[in-house]
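First up is the structure itself, then whatever we jot down about it.
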Amino acid sequence: MKRFLRKLKEQAAALHQGQLLAKARSRLGKAGISIPITADMLLWAFRRQRESGIHHVDIAIGEETVTVSGLTTKLGLQVYFEVEIRPVRAEQRLLYFQIQQMKPLNYSWLKKKLFTKQPEVSYEDGLVIVDLNAWEQVERVPIGTIQEFRIQNGKLWVKIGL
């Protein structure tokens, strides 16, 4: 009997919590917190693993794209690369970027080397995935998902809301 009452109490608490969250969502609507992601923050994520063979990485945020450039070594030769990525969608707290342009060529080995920085950055199915929970500014917001994102004034603005 105690077990039954405890389970009933837990379910009632969960239902109440769900109702409170639904009520908060309806009252807040599209309200959220806008968090700026700077080029330095993105650079931190890309420089996190140094053993990947990528050197002198630099990131610039333009009008619609983020440009990642640097040097890598292939067959003993240093190769300069430049990759333009554009944010295309968001799920939960993951931001998906599509590769717009790649110089010198569209090398799959370079994409794998550059965009596999687990857990912050990963590459799958032609998309670069950035986990925003890697940054303290985003992690401070305990609940919510990405509602919208935009590039403005040299920053990637991410709005997190219910």
Identity of the residue in the range 66-115, small (G, A, S) and in a strand (DSSP E or B), that ends up farthest from the chain's Cα centre (by Cα):
G70
Restrict the check to the range 76-88 and report whether at least one residue is farther than 19 Å from V121 by Cβ, in the same structural domain as Y123 (by TED's automatic domain parsing) and either modelled with pLDDT under 75 or surrounded by 16 or more Cβ atoms within 10 Å (Cβ to Cβ) (or both).
no
Condition check for L94: of a type outside the set (S, T, N, Q) and surrounded by fewer than 13 Cβ atoms within 10 Å (Cβ to Cβ):
no
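The values are calculated or read from the model by the stated rules, or taken from the named source; none is laboratory data. Please read these numbers as outputs of a predicted model, since none were measured by experiment. Glycine gets a Cβ as well: all are built from the backbone with ideal geometry, and neighbour counts include every protein chain shown.
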